[in-house]
Amino acid sequence: MFWRKIKVGIAMLLFAVISFVLYKNVIIEYNYAEYREKLIPYISVCGLTGEITDGTVIEQTFLTELDVIEGVYLRTATYKRENNSYLNISMLSMEDELLGQQRFSVQNAKNNEFTHFIFDTPINVGETKQIKCRIISVGNFGGGGNGITLYRSTIDSYKNGKLFVNGIAEEGDCFLELSGKQRNGMLICQLYIGISISIFAFIGIAGYLLLKRKEIKLEYVFLITAGIIGILFIVIVPPYAEHDGEAHFNTIYNYSNKLLGYEVSEETRQIKKEEKDIWGNKFGYRARRGEYYSVYQMIKDDSVYGDNVYEVHELSLDLSSFPIEYLFSILGLTIGRILGLKIIYIYYLTRIFNFAAYIILTYWAIKLIPIYKYTLFLIAILPMSLMQAASVSYDAMVMGTIFLFVSLCLYLMQNHIKKTHLVAVALLSGCLIYNKSAAYFPLIGLVLLIPLKKQYGKKQRTLFWIMEMGCVLFAAADSFAGSAASQIGNYSIFYSIEHPLWFIKILGYTIYSNFDLYLKGIFGVSIFGISALDTPFIICIPVIALLLFVYRCENNMAMRHIDNQKRIFILFCVLSSALMIFLGTVSWTEIGSDWLWGIQGRYFIPLLLPAMFWKSRLVTTEKEQGNDVLYYMCTIDGFYVLYVLTTFMNAGI
């Protein structure tokens with residue numbers, strides 16, 4: 001017991017030191033955060049101010065969170081010509097007190113894009129948060145022909161902002177964004193300190209549960225430890241920053257529209273969002289500190305960021321199929337809309353319901369599985385597993401259902417089989433068809449290992465197989481429509497079937513070229529497209545070592561001997577699922593590419609558990625060893641939470 005207290009003390013001391021060093025160097029040393037503040041969301045309905053000629057004065061008022069303005073982004077149009085006039089851009093207080101100004105040439109202005117006008121001398125805003133931007137043309141005389149125009153929305157799009165043209169107020173706002181710096185005030189400091197204290201407490205709680213109160217069942221320990229880390233990931237990962245966050249959330253929102261009886265256009269993949277639920281481009285698939293300010297602003301602000309109009313969005317699924325993988329997410333989002341919550345609260349409520357689904361399914365998986373409990377526990381609390389479960393992605397349901405399905409099949413291989421168990425197996429088999437375009441459906445073969453003959457007659461077995469095939473075929477018919485189609489300019493799945501040698505070649509090159517990325521996507525924290533969050537491979541090595549150790553030492557003496565034929569069959573099911581994952585990405589791969597696109601390491605996390613069964617070890621271990629390993633893994637989870645938080649805080653613009 002003394003050495004166990006030493007382990008907890010060392011872990012907490014090490015975390016405290018690292019947390020303090022990061023706080024001093026990331027939060028205090030870089031006292032100003034570079035920040036691109038997006039005042040105007042992207043609105044499909046837009047217009048132009050008209051060519052800015054001499055004598056035209058455009059003024060846009062706005063409310064900013066910045067302390068220093070270094071530049072302004074204006075969405076410009078050049079009429080596809082070279083213009084040699086100038087713009088005088090001034091920043092003033094609402095009382096017309098000049099804060100700063102500069103003359104800019106429009107010769108290099110971009111056409112139909114944002115042009116960044118950078119001030120030579122940064123403008124100190126101070127306490128003046130209500131600002132007026134005045135734009136005057138110089139050198140575009142007469143009828144024009146030598147100037148640019150600015151994009152504007154046709155509706156008022158944010159609170160405390162107004163557009164004036166020659167002193168006359170008009171509907172809409174300029175497409176205006178700011179670049180500058182924001183002091184790391186109480187918001188960032190309090191967030192960092194709060195998360196650090198939470199992780200510090202979590203390390204102590206995990207040590208108490210795993211190293212002292214050893215009589216607590218493992219599934220209850222999972223609920224507490226995974227629940228804490230999951231909530232921290234929900235808080236620190238900004239909206240849309242997870243894998244395909246925007247596409248997943250828009251899909252969930254559209255399913256919610258169908259549930260509430262609102263109009264949905266499946267053909268054009270458009271979403272009708274309520275006025276209060278449009279946040280435009282405030283968040284995106286990126287890592288930057290400004291996302292936390294945007295969250296804070298949306299929590300405290302009652303601004304309306306758009307109209308009750310159609311917006312075209314990317315969706316992750318065809319809305320014609322049953323959304324089993326989004327079931328809990330749709331429920332959470334719909335409840336939030338019924339309660340009239342702000343869209344930012346609805347987003348986080350959707351994450352919470354999604355994470356709750358993962359926690360519940362994995363809890364029952366750990367409870368039922370007769371062997372490899374520690375291995376399953378460790379896989380379920382991998383940093384990548386928990387971060388995905390704490391998002392709006394359907395990966396939470398994918399991992400949870402596979403964990404439960406595999407555990408239930410293994411449980412029924414050596415325990416009394418109840419009818420409710422068989423119903424659960426059939427339903428979970430159908431879920432595997434829905435998950436990831438049926439990439440994991442070969443795992444359904446594990447059902448064949450359940451010894452039905454020992455407990456049920458021919459009639460009962462026939463009824464079970466009818467129910468099993470019915471669930472599988474229904475799911476296949478509902479979800480396979482159009483799944484083999486490819487995008488224009490990409491390969492199709494049928495092409496890989498017709499050219500197997502080509503597929504073998506491109507598959508081998510894909511694995512060889514991206515093997516380290518796949519490992520980081522399993523044992524680290526990696527979000528495809530956000531390079532700042534790419535985990536160094538060396539950090540993944542302790543996680544891999546812990547998994548191999550707990551697998552080798554897992555106490556499975558209670559497991560009946562699995563003969564070689566069953567081992568080979570289990571391995572075949574796992575490898576077939578892995579092959580299906582690669583095969584499913586063919587339709588995302590451009591013709592002529594040397595490797596398969598879109599494959600990420602997290603896709604293979606659900607296969608880790610069944611991959612352990614192909615070799616049944618008869619090695620015993622003391623419970624203390626397993627608890628030690630899980631405690632080390634929980635400690636690593638805490639460090640990963642801090643790593644993700646500081647990465648976002650130090651990412652800049």
By how many nm would the segment from residue 63 to residue 339 grow when fully extended, if each residue of separation counts as 0.36 nm and the alpha-carbon distance is taken off? 96.5 nm
Listed highest first by mean packing, meaning other Cβ atoms within 10 Å per residue, what order do 413-423, 331-341 come in? 331-341, 413-423
Starting from the Cα-Cα distance between residue 495 and residue 79, subtract it from 0.36 nm times their residue separation and give me the gain in nm to one decimal. 145.3 nm
On average over all directions, what projected area in square nanometres does the stretch 67-113 have, based on the convex hull of its Cα atoms? 4.1 nm²
When the solvent-accessible surface of protein heavy atoms is calculated with a 1.4 angstrom probe, in what order do 597, 588, 364 fall, highest first? 588, 364, 597
Using the beta-carbon distance between residue 169 and residue 595 and R0 = 51 Å, what value does 1/(1 + (r/R0)^6) give for FRET efficiency, to the nearest 0.05? 0.40
Going 7 Å from the Cα of residue 116 along its beta-carbon direction, which residues of the stretch 72-96 have the amide nitrogen within less than 12 Å of the resulting point? 72-74
Difference of contour (0.36 nm per residue) and Cα-Cα distance, residue 299 to residue 572: 93.3 nm
Per residue value of the accessible surface for the stretch 367-437 (all protein chains in place, 1.4 Å probe), Å²: 21 Å²
Report the percentage of all Cα-Cα pairs in the stretch 324-458 whose separation exceeds 17 Å, rounded to a whole percent. 61 percent
Pairs to check: 80/162; 373/505; 217/418; 110/342. Give those whose C-alpha atoms are more than 26 Å from each other in this structure. 80/162; 373/505; 110/342
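The values are calculated or read from the model by the stated rules, or taken from the named source; none is laboratory data. The shown structure was predicted, so the numbers you read here are calculated from the model rather than taken from an experiment. For neighbour counting, all protein chains shown are included, and Cβ atoms are generated from backbone atoms with ideal geometry for every residue, glycine included. With ligands, DNA and RNA removed, areas are computed over all heavy atoms of the protein, side chains included. Shrake-Rupley method; radii C 1.70, N 1.55, O 1.52, S 1.80 Å.
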